[in-house]
Every structure is written in C-alpha cells, then in structure tokens.
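None of the figures in this text is laboratory data; all of them are computed from the coordinates on show. Everything numeric here is computed off the predicted structure, so don't read it as measured data. Every residue, glycine among them, receives a Cβ derived from its backbone with ideal geometry; neighbour counts consider all protein chains shown.
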C-alpha cells in the first residue's frame, strides 16, 4: 500500500518537474530585463560610446535608454546599445539623429519595427502572436501549483498508516499505531 | 485506468516538450520574418556603381518586376552566392539590380570584373542608409519587388539554386502573369 502511494507521488513529482522544465523552454525567447546584463556586458557597453558621451551626455543617455531595449539583429543576444556590429553602430547614430530631430522614443521604436519587426524589441508588445510568450510561463506555474495543491490535499486526507513511520530515536517512546510496521533502520540513526 | 494515467500524463508532457524542442532547434534564429513583405519598397535615390553621375530612384523601377540583391565585396557569403546569380541572370527571367552595401567603388568593381556581373546596375549605398530602410542585417539579402513597387519576397542570406528554382521563379511568373 505504502508502495503504491510512493509510486503515485513519484509520478506527480515527475509531472511537477516536467512543468518546471517546460517553463524555461517556453520562456527561452522571453525578453531579458536589460538590468540583468552581466558585468562584462557593462564593460563592452562603455567602449563604443565613451567618446560620444562627452559630446552630449543627455542625448547619449536617451539614445542608450532606447537602444538598450532593442535587439541587435547581427549578434542577436546583444542589444543595439551593447553591440560592436557595424549595423548596431549605424542604428545608434540613426537614433541620435532622430532624437535631435525631436522624434519621440515611440516613433523611434516604430521606425525599428517597421524595418525589422517585433523581433527587434526585447519587450515585444502583447498581441495574439506573442500571447504564449507572455502568458505561457505564468500559466505553467499556475498548473504546477494546482498539481501541488492536489497532492497535498490528497495526502492530508490519508490515514496515518499510509505513511512510513518516523524513525524512533534513542530515549524516545514510539507513539505509533499498533498496526504500523517497525520503523526501518536508516543510515545515521543511532543504534 | 487511474494507474495508466499516472504514466500517460508525464509521457504526454514529455512528448510535448520533445515536440517544442524538435521545432525550436530546427528554426534558424537568423531568419526573422520581415515586416516589409507585402509593403511598398522604401524610397531611394542612389547612383550607379558603373555610372556615378546617374541616379536610379524607386519611381524609375515601377512597372516591372525586379530583383534587388544586396551584396558587398567584403561579404564572404556573397562569394558563394554570386555564381548562382550569374547563372540565373543568363535566363533573363527577371532583371537583377544590385545594392552595393557599405562598400567602396574600386574593390566592388574589381569584384564584379573578376566574378562576372549579373546586375543590370548596382546601386551604391555607401553609408548603408537604404540598407537600413530595407531592413538589411545579414548580407547577402535579396528582394523581389512587383510592378507596383511592393516587396513580395525576401531572402535572408544566400540564394541557392533550389530557392531560385522553387520559390523565386514561380513567384516571378505569378507577378508577371
């Protein structure tokens, strides 16, 4: 009986584990928060911009705020602010010029998506094609919690003899039901 | 029945995961769907590689189906693609125009002299601005533009004889038809 209970718990554990694994698989393309970039990215980040920061720090900061959320299509795991790719440098310059002409960040993002699609945005808009991306991980987490709740409730309703007895420690009196088997010897249990 | 479910549910989840991975690992992350398909080609006015005083504009190209191939003498993959284009140009199925992207005149001309010139003309995009308007990010890229100046096809990376025969040719026939 206890054996069957173990098997069922193992199966549910496998389910929960599978869900946990499934979640990052869905989230693989999810937007990474720009703040999470590794320290070496910060080092790279300064190189192409250091000289220009001196020219107009305010403009540079606005440009970096925008390009820091845009994906470089040449090296896809870097932002346009980070990347050394030629195209990224061109696009940074393009953003600087658009800002000088008084374009808003929204207009600049539209300029980018008109050319490269939503893929260029590290925070893609929530629409039908990106719904799974945004809601998938939360949905899987909800399923995992529901499964966990079911397991806990089922186990709470079980009689004591469905569970393995607690080991009896030296000097303690076992308070077990009479039907229960003798506690198994465990490694580490004092003889 | 209940016993069977214990095994079938994890198994179903496993196969779902395998399905996602199978699909996901076979996708090429470089092939980003272009938002420019079925949109008007961007405006441009560029001089020709072999005729620096003559300009070609978007409006000049209206009324015919044409191919725009983005290339550069510094581009490694263009070297592999070029013979296919030279062969394809011989069929005269569609006029091929080049967009000489962020290149210099002399190496570009030498490159064509050495390898053959499949282009009716190459447009000089030395600062890459027109390339940006066409959403170019991985040279070579190729566009097929219809009589109304609408982009109907985009190939990211090199054209192969298979793509030319199976995708480009039927589309050219359809757009001309």
Calculate the mean, over all residues of peptide B:116-128, of how many other protein chain Cβ atoms lie within 10 angstrom of the residue's Cβ. 1
Ignoring everything except DSSP H segments at least 4 long, calculate the 222 nm mean residue ellipticity for chain B; use -39,500 (n - 2.57) per segment, divide by total residues, nearest 500. -11500 deg cm²/dmol
Using a/c under 1.5 as the rounded threshold, could you call the stretch B:121-177 rounded, prolate or oblate? The axes a ≥ b ≥ c are square roots of the C-alpha gyration tensor eigenvalues, and prolate needs a/b larger than b/c, oblate otherwise. oblate
Rank by packing, highest mean first: peptides A:64-71, A:86-93, A:137-144, with packing defined as the count of other Cβ atoms within 10 Å averaged across residues. A:64-71, A:86-93, A:137-144
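Which whole number gives the average, over all residues in A:83-96, of C-beta atoms from other chains lying within 10 Å of the residue C-beta? Each step should come with its number before you reach the end.
Numbers: counts 0, 0, 1, 2, 8, 1, 1, 6, 3, 0, 1, 3, 0, 0.
Per residue, the number of nearby Cβ atoms from other chains is 2 on average.
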Quick one: which of A:152-165, B:65-78, B:106-119, B:44-57 comes out on top by average Cβ neighbours within 10 Å, and what's the full order, highest first? B:65-78, B:106-119, B:44-57, A:152-165
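Return the average number of partner chain Cβ atoms within 10 angstrom of each residue Cβ along peptide B:134-140.
What the average comes to for B:134-140 is 4.
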Prolate/oblate/rounded label for chain B (Cα gyration tensor, a/c 1.5): prolate
